[in-house]
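Participant: Okay, handing you the structure first.
Just so it is clear, none of the values below were taken in a lab; they were calculated from the coordinates. Just so it is clear, the model here is predicted, and its values are computed rather than measured. Counting neighbours? That spans all protein chains shown, and the Cβs are built from the backbone with ideal geometry, glycine included.
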Amino acid sequence: MARTASGKNRQSSPYGMAHEYLVIFQYHEPEPRELFERGLIEDYESSSGVFIEAGSAEEALIWCEVIAQELLRRVNDDRSLDWKRLGYSCWIESTPEESPWGHCLVFFQHVRVGELPNIDAMSTAAYIRWQGGDGAS
C-alpha cells in the first residue's frame, strides 16, 4: 500500500505506477459572484482541492478539470457554466504539507482518475462545516 500526503493508505493502481497528486483549482459560487457584480467585494473566486491518483501529472490535471467543472455547475445550479471558458485554472501542489493548504489536507478527498469525489463535500459551505467540526483542530 502507498501512503498519501495526508497519511492515508492507498493501494497501488492496477494500471501501473501511479502517484497521488494534490490538485488545487479555482471556481466561483453564486453569493460571492453576486456581491462582486454589485461592487461590494473585489474578489469572488473560491478554490478547493482534491488528491488524484494518476499515472502522470498531466492526467491528474485533466481529471481535475472534470471535477472542477462539476463543482462549478453544482454549486451554481447551472449546467451551462463552462469552467474553462470562464478562465479558471488548476495546478499541482508539489509539497502539500508545506503549501498554503497544509492546514486542511484532511479536508481534501482522494480519488483516482475516472472517479468523482463527493461534490457536495467540496464547497465553501462544506469547508466551513468541516472547520466547525472535528476537522480543523
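Participant: Between Asp78 and Glu115, what is 0.36 nm times their sequence separation minus the Cα-Cα distance? Round to one decimal in nm.
Facilitator: Details: separation 37, 0.36 × 37 = 13.32 nm, distance 2.17 nm.
Length gained, Asp78 through Glu115: 11.1 nm.
Participant: Let me ask you something else. Considering amide H positions built from the backbone, and no H for Pro or chain starts, which residues 5 or more places from Ala18, or on another chain, come under 5 Å of its amide H?
Facilitator: It is Ser13, by chain and number.
Participant: Nearest 0.05, what FRET efficiency do Glu65 and Thr95 give at R0 = 22 Å with Cβ-Cβ as r?
Facilitator: Between Glu65 and Thr95 the formula returns 0.45.
Participant: How would you order 117-125, 18-26, 56-64, 79-87 from highest to lowest mean count of nearby Cβ atoms within 10 Å? The partial results should precede the final answer.
Facilitator: Numbers: 117-125: 15.4, 18-26: 21.2, 56-64: 17.9, 79-87: 11.3.
With the highest mean Cβ count within 10 Å placed first, the list reads 18-26, 56-64, 117-125, 79-87.
Participant: Express in nm, to one decimal, how much length is gained between Glu31 and Glu45 on full extension, taking 0.36 nm for each residue of separation and deducting their alpha carbon distance.
Facilitator: Separation in residues times 0.36 nm, less the Cα-Cα distance, equals 4.0 nm.
Participant: Please list 3J(HN,Hα) in residue order for segment 98-104, calculated via the Karplus relation 6.51 cos²θ - 1.76 cosθ + 1.60 where θ = phi - 60°; whole Hz, with x for glycine and proline.
Facilitator: Residue by residue, segment 98-104 yields 9, 7, x, 8, x, 6, 10 Hz.
Participant: Full extension from Ser56 to Arg85: what is 0.36 nm times the residue separation minus their Cα-Cα distance, to one decimal in nm?
Facilitator: Extending this stretch completely gives an extra 8.0 nm.
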